[in-house]
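The values are calculated or read from the model by the stated rules, or taken from the named source; none is laboratory data. If you're wondering where the values come from, they're calculated on a predicted model, not measured in any experiment. All Cβ positions, even for glycine, are placed from backbone atoms using ideal geometry, and neighbour counts span all protein chains on display. Side chains included, ligands, DNA and RNA excluded: accessible areas come from the protein's heavy atoms. Shrake-Rupley method; radii C 1.70, N 1.55, O 1.52, S 1.80 Å.
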Amino acid sequence: GSCLESVKIAIDTGYRHIDGAFVYYNEHEVGQAIREKIAEGKIKREDIFYCGKLWNTCHPPELVRPTLERTLKILQLDYVDLYIIELPMAFKPGDAIYPRDENGKIIYHKTDLCATWEAMEACKDAGLAKSIGVSNFNRRQLEMILNKPGLKHKPVSNQVECHPYFTQPKLLEFCRQHDIVIVGYSPLGTSRDETWVNVSSPPLLKDPVLNAIGKKYNKTAAQIALRFNIQRGVVVIPKSFNPQRIRENFQIFDFSLTEKEMEEIAALNKNVRYVELLM
Ligand code: A2P
């Protein structure tokens, strides 16, 4: 229920881009929030930009469209605005999200990312996804798609971890050259959940530089971290279940950072990920 409430507050606040996935197990709540706001007359469907994701167990080309159709059924929507391959690795297809062998090791699955991509293209052609993209792809993996013989639609975006401690300068430049938008996840340095976060890297929002710059503008370190990315053309998808912080993270369009401040923040890059995706 907290997702339903948060999405409704977000839409009321002005957010229109909603980043979701089947594996977040809350697409039914996101869909309900969107439908309720449409019914209230607050928004129209075309105002919303919903991103869904193809999970690792669904890479075989024949599974791609049925998987997207399952997401649309759960959302109760006719199309997603963006559908992306969540990770460039495949797991054994089946009901288990993390299929494991008797020793607890993930069971991988050999697939051809280019064939998966062709199935993504077919989803776009069928109108089930307005745009298609990828996530967690490095340059080599992007090039594999971009250089695919007979490529029909190139990825419009690549969603990767991106924030002042992990600024992705090389990937950002490559994507700029190829007109691929970088969508930065964990833009606030994510949570401190040791089960999936590398907590040996210090908490981003405690950073003295971000806090000092924030003081100057009467903004928080979180707002400075978000502003830094949008000001250099990186889309941000902050996550919060807290109404006050949902609103705070939207108050970033009434100031700009100077060139010197942008450089100071870029210099914070440690080239260390919080989300190591060890699987
Ligand atoms: P909460 O949901 O309690 O607000 P990221 O977007 O980088 O993944 O970070 C999400 C984490 O940051 C969540 O733990 C969220 O907690 C917290 N968070 C979100 N917005 C803010 C903010 N403005 N200030 C501090 N923490 C925040």
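Annotation: amide H-H contacts under 5 Å for VAL236 (H modelled 1.01 Å from N, sequence separation of 5 or more, or interchain): GLY184. Note on SER256 and ARG35: their simple-model spin labels are 4.3 nm apart, each label 7 Å out from Cα toward Cβ. Of the trypsin sites (Lys or Arg not before Pro) found in the range 82-133, those that fall in a DSSP loop while having at most 10 other beta-carbon atoms within 10 Å are LYS105, LYS110.
In loop segments of the range 33-128 as defined by DSSP, the GluC sites (Glu not before Pro) with at most 12 further C-beta atoms inside 10 Å of their C-beta are GLU40, GLU102. What the phi angles of the range 233-248 give under the Karplus curve with 6.51, -1.76 and 1.60, with θ = phi - 60°, is a coupling list of x, 9, 6, 10, 10, x, 10, 8, 9, 9, x, 5, 6, 4, 5, 4 Hz, glycine and proline written as x. In the context of the full set of protein chains, residues of the chain present 49 Å² of accessible surface per residue (probe radius 1.4 Å, heavy atoms only).
Over the range 1-155, what is the relative contact order in whole percent, taking alpha-carbon pairs under 8 Å and six or more residues apart?
Numbers: 230 pairs, mean separation 33.0, N = 155.
Across the range 1-155, relative contact order equals 21 percent.
Taking 7 Å steps out from each Cα toward its Cβ at ASP179 and ARG139 produces label points 2.1 nm apart. Normalised by the number of residues in the range 143-185, the mean separation of alpha-carbon contacts (under 8 Å, six or more apart) gives a relative contact order of 46 percent. With loop membership from DSSP and a limit of 11 other Cβ atoms within 10 Å, the longest segment of the chain without chymotrypsin sites (Phe, Trp or Tyr not before Pro) is 26-240. When the alpha carbon coordinates of the range 231-279 are projected onto the principal axes, the ranges are 40, 32, 16 Å, largest first. Checking every one of the GluC sites (Glu not before Pro) in the range 159-199 against DSSP loop status and a limit of 14 other Cβ atoms within 10 Å picks out GLU194. With all protein chains in place and a 1.4 Å probe, the accessible surface of the range 120-208 carries 54 percent carbon and sulfur. Return the tail of the calculated pair distribution for the chain, meaning the percent of Cα-Cα pairs more than 35 Å apart. Value for the chain (Cα pairs over 35 Å): 17 percent. Along each principal axis, taking the top coordinate minus the bottom one, the Cα set of the range 67-218 gives 50, 44, 35 Å in descending order. Taking each DSSP H run with n ≥ 4 as -39500 (n - 2.57) and averaging over every residue of the chain yields -11000 deg cm²/dmol at 222 nm. Relative contact order of the chain, taken over Cα pairs closer than 8 Å and 6 or more residues apart, is 16 percent. Each label point was placed 7 Å from the Cα along the Cα-to-Cβ direction; for ALA267 and LYS216 their separation is 1.2 nm.
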